[in-house]
1. Run down Gly264, Gly310, Gly257, Gly318 and say which single residue is open to solvent by 30 Å² or more (accessible area, probe 1.4 Å), within 15 Å of ligand 2 (Cβ to nearest atom) and within 21 Å of the chain's Cα centre (by Cα).
2. If Leu193 meets every condition in (1) open to solvent by 10 Å² or more (accessible area, probe 1.4 Å); (2) outside any loop (DSSP other than H, G, I, E, B) apart from one, which number is that one?
3. Residue check: is Arg272 among the charged types (D, E, K, R), in contact (Cβ under 8 Å) with a residue 40 or more places away in the chain, open to solvent by 20 Å² or more (accessible area, probe 1.4 Å) and within 16 Å of ligand 1 (Cβ to nearest atom)?
4. Would you point out which residue out of Glu327, Glu382 is buried (at least 20 other Cβ atoms within 10 Å of the Cβ) and on the phi < 0 side of the Ramachandran plot?
5. What pairs come out if I take residues in region 122-140 that are at pLDDT 95 or above and pair them with residues that are in a helix (DSSP H, G or I) and open to solvent by 20 Å² or more (accessible area, probe 1.4 Å) whose C-beta lies under 6 Å away, six or more apart or interchain?
6. So which residues in region 218-242 are among the small types (Gly, Ala, Ser) and open to solvent by 30 Å² or more (accessible area, probe 1.4 Å)?
7. Which members of region 43-81 meet the condition of being hydrophobic (A, V, I, L, M, F, W, C), away from ligand 1 (no atom under 13 Å from the Cβ), farther than 15 Å from Tyr29 by Cβ and open to solvent by less than 90 Å² (accessible area, probe 1.4 Å)?
8. Please tell me if Thr239 is part of a helix (DSSP H, G or I) and either in contact (Cβ under 8 Å) with a residue 40 or more places away in the chain or within 15 Å of ligand 2 (Cβ to nearest atom) (or both).
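The values are calculated or read from the model by the stated rules, or taken from the named source; none is laboratory data. This one's a predicted model, so the numbers in the text were calculated from it and none came from an experiment. Cβ placement follows ideal geometry from the backbone for every residue including glycine, while neighbour counts extend to all protein chains displayed. What goes into the accessible areas is simple: the full protein's heavy atoms, side chains included, and nothing from ligands, DNA or RNA. Shrake-Rupley method; radii C 1.70, N 1.55, O 1.52, S 1.80 Å.
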Amino acid sequence: MARLSVLVFGIVGLWTQVCCLENDKYDEYSLIRIYPTNGTQVETTNRFQDPEHLIEVLKGSRGINDSLDLLVAPHRINYARQFALNNDLRFELKQKEYGRAFETVERVPRRRVLRSFSIYDYNSYTAIQDYLETVARRHPELVTLQLLGNSYQGRRVKLVKISANPNTGNPIVFIDAGIHAREWVAPAMALYLIYRLTNDPEAKQNELNGVDWYILPVVNPDGYEFTRSSKANRLWRKTRSKSNGNCFGVDGNRNYGFKWAVSGVSNNPCDRETYAGPKPFSEPETQMVRNVMLENAKRLKLYISVHSYGQYLVYPWGYTGDFVPKEWKKMDSLARSVSDAVQRAGGKPFRVMSAGKWYPAAGGSDDFAFGAVGVPYSYTMELTEGYEFLFPERLLKTVLPQFYEGFRVFGAQIKKEFKNSRSPRDSESVSSIED
Ligand code: 0X9
Ligand code: ZN
């Protein structure tokens, strides 16, 4: 008996160690920011790599005075400090014991598992699906759900189509969110959009008058649920597909088939961040977004992929910073109006530029929409600043309504420029493609 209990306690003890060491991996890590102050330093900064893989890059520098954000294991802090010193970069130890701030299912199991959907919370995939069904049931005259397919692990992915006049062939605004698993504020924004568009009494006369809104709130549900499953997984970015080697996931925003893998990608399936995949559109998640774009190509006038973080609003090209498309000015000035509206509502302004000038990275959905599908306005929107990927839930109530004002400006421009611009014949032919 004594032997048995030693054995049981031994196993339990070992399990606790393995489980919780791994789960608390980031508890002792520090958040470090390194600031470049000229162009050469920006490049040097973005070449940073830790040969021991004990430093994770949270965010590359996006220009002068924009920080490289690093998560650093305790005994690698000096390595990061030395890198800054050697290259004459400003070094800031922003926060010690960074992982202790992570709040996950594991940390607050009862509250989070049991409570139901709330628009100002971070919700589970299941709660989100239930919410979408409820919205469709409550507003059958406005909302249709289209099942696009299944994620790699078999989760259903549904597109929310909001239209006051589904047969008029209105221009379409297509918004997706959550291709990057850890960027929780993005799905929260998409859901808030659905909530406002279906609940505001004036939305029918304004936002939905002459424009159809297609919203895909969680493109990468496997990744999203993975980041909710434990503290160690909170910063996962990619999908969860399994590669030949024993590694998981593809960066969905490097997987689109336009100028695929020409810049800013990794070819290594084990790279935690920017693996472009074995081929373009290798992932069911990016295939589903592509299909929405292609099936609605004629009416699709604005595409926005919602991400976090950094408060950026960027447009093509993303694959190169050497030049911009000839239509850049229109995209630039609309983005600035959106930023102004968010600021008027009390929010922070967006930094507006072409994605490639920020940092070149190919295979993004914004470039595919603009370059391959011909969508006239295409953006990636990076929400929030100051909290990295851990934007506090308690602040959603403040920022989501502010960002919503920006989306209203987007909608108004599409209405002004494209409403009724298509003949009824065109809309007939398009709806027959959709059916
Ligand atoms: O790198 C990305 O995929 C996006 N930033 S994030 O921090 N959310 O990962 C920016 C994508 C901008 N667009 C392109 N490079 N095409
Ligand atoms: Zn992202």
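1. Working: Gly310 fails: open to solvent by 30 Å² or more (accessible area, probe 1.4 Å); Gly257 fails: within 15 Å of ligand 2 (Cβ to nearest atom); Gly318 fails: open to solvent by 30 Å² or more (accessible area, probe 1.4 Å).
The match here is Gly264.
2. Only one criterion is unmet by Leu193, namely (1).
3. Working: among the charged types (D, E, K, R): yes; in contact (Cβ under 8 Å) with a residue 40 or more places away in the chain: yes; open to solvent by 20 Å² or more (accessible area, probe 1.4 Å): yes; within 16 Å of ligand 1 (Cβ to nearest atom): yes.
Considered against the rule, which asks whether it is among the charged types (D, E, K, R), in contact (Cβ under 8 Å) with a residue 40 or more places away in the chain, open to solvent by 20 Å² or more (accessible area, probe 1.4 Å) and within 16 Å of ligand 1 (Cβ to nearest atom), Arg272 comes out as yes.
4. Details: Glu327 fails: buried (at least 20 other Cβ atoms within 10 Å of the Cβ).
That would be Glu382, the only listed residue that is buried (at least 20 other Cβ atoms within 10 Å of the Cβ) and on the phi < 0 side of the Ramachandran plot.
5. Here the result reads Tyr122/Glu393; Tyr125/Glu225, each pair linking region 122-140 to a residue that is in a helix (DSSP H, G or I) and open to solvent by 20 Å² or more (accessible area, probe 1.4 Å).
6. Start the filter on region 218-242 by keeping residues that are among the small types (Gly, Ala, Ser), which leaves 223, 229-230, 232, 241.
Result: Ser229, single match.
7. Phe48, the sole residue that qualifies.
8. Values: part of a helix (DSSP H, G or I): no; either in contact (Cβ under 8 Å) with a residue 40 or more places away in the chain or within 15 Å of ligand 2 (Cβ to nearest atom) (or both): yes.
Considered against the rule, which asks whether it is part of a helix (DSSP H, G or I) and either in contact (Cβ under 8 Å) with a residue 40 or more places away in the chain or within 15 Å of ligand 2 (Cβ to nearest atom) (or both), Thr239 comes out as no.
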